[in-house]
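Have a look at the structure below before the remarks.
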Amino acid sequence: MQDLISRPFHKLRYFYFIFLHEEKNMDIDVIKQLLEGYKAGEVPLNDVLGKIRELPYKDIGFAKVDSHRKIRCGFPEVIFCMGKTPDQVVKIIEHIVAGGNDMLATRAGKEIYEAVSVKFPEAVYHEQARAITIRKNRRKVRRGLILIVTAGTSDIPVAEEAKVTAEIMGNKVEVVYDVGVAGIHRLIKNHGELLRANVIIVVAGMEGALASVVGGLVNCPVIGVPTSIGYGASFHGVAPLLSMLNSCASGVAVVNIDNGFGAAYIASLINRKRE
């Protein structure tokens, strides 16, 4: 009888506890109380998992580092370096790798890499991609293939950003460069490579037609990345962006101009689900 009476009180205590901490960063004591509540049968498992997904960010003044994004999204927070000082990037990296996480920083110039390498000698600079990586985990490479295709050689820097991103997220990646529609026979010769892929990222400037062509040849998702490569009327990537958005190939999705990172992140999520 006493147990029956105490159960509503336990539930009331639990919801009061959640209310008190809803607007605060969760710390070790909060997690401990949640787990103890679950062990005692007072807190449902789904509620515990839900609160863990809302674990704290680290407020370092100029940034709030999302230290538990990996729990929610499957990969740690990625640093976009443009507009940040080298010192700011270094401090953010310190908090990301402190939890044993892999680290990816995009749009990083050499000045930022030099500052990072002083603190983290293991950091690798991918010059064409303008990306920095630090590997803390040995990820099992997924069996599914992400294929990255470019229309021209000038599109390679954006493609390399996609390649670095997809690889650090644990994917098998291959590339086929410079097979644009001006010499369509080059693409046809690599048709077998297209058919082996789980996801294809197509990087193209100028008129951006390559995404539609590839989309019409395969039965897997195609992610188009318009680039800012081209002459005046390409409007710094707006022309290929609109071309890809208006693709008549049904399996083509499109990310923002020069966004190799975004394309690779989406491709990685698709590849993970298709295994």
query: Is one or more of the residues making up the range 172-195 within 25 Å of A63 (Cα to Cα) and in contact (Cβ under 8 Å) with a residue 12 or more places away in the chain?
result: no
query: Quick one: which strands (runs of 3 or more DSSP E) sit completely within the range 97-157 and have at least 2 residues that are at negative phi and under 16 Å from the mean Cα position of the chain (by Cα)?
result: 103-106, 131-134, 145-150
field: Subset of the range 213-234 (residues that are free of Cβ contacts under 8 Å to residues at least 40 places away in the same chain and among the aliphatic types (A, V, I, L, M))
entry: V213, L217, V218, V222, A233
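Yes/no per residue for (1) surrounded by 20 or more Cβ atoms within 10 Å (Cβ to Cβ); (2) outside the structural domain of K172 (by TED's automatic domain parsing); (3) closer than 30 Å to K273 by Cα; (4) of a type in the set (A, V, I, L, M):
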residue	(1), (2), (3), (4)
D87	no, yes, no, no
K91	no, yes, no, no
A98	no, yes, yes, yes
T106	yes, yes, yes, no
K110	no, yes, no, no
E114	no, yes, no, no
Y125	no, yes, yes, no
message: Quick check on the range 241-265: of everything there that is of a type outside the set (G, A, S) and not in a loop (DSSP other than H, G, I, E, B), which residue is nearest to the chain's Cα centre (by Cα)?
response: Y265
task: Answer with yes or no whether N171 is touching a Ser or Thr at 6+ places or on another chain (Cβ under 9 Å) and of a type in the set (S, T, N, Q).
output: yes
- prompt: Which number in (1) at pLDDT 95 or above; (2) over 19 Å from Y265 (Cα atoms); (3) not in a helix (DSSP H, G or I) marks the one condition that V214 misses?
  reply: (3)
task: Please enumerate the residues belonging to the range 217-240 that are of a type in the set (S, T, N, Q) and either within 24 Å of N171 (Cβ to Cβ) or assigned to a helix (DSSP H, G or I) (or both).
output: N219, T227, S234
- prompt: For the range 256-274, how many residues meet the condition of being under 20 Å from G216 (Cβ atoms) and surrounded by 22 or more Cβ atoms within 10 Å (Cβ to Cβ)?
  reply: 2
task: Select from the range 158-205 the residues that are surrounded by fewer than 16 Cβ atoms within 10 Å (Cβ to Cβ) and assigned to a helix (DSSP H, G or I) and list them in ascending order.
output: A182, G183, I184, H185, R186, I188, K189, H191, G192, L195, R196
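The values are calculated or read from the model by the stated rules, or taken from the named source; none is laboratory data. From a predicted model like this one, the values you see are computed outputs, not experimental measurements. Please note: Cβ atoms are built from the backbone with ideal geometry, for glycine as well, and neighbour counts cover all protein chains shown.
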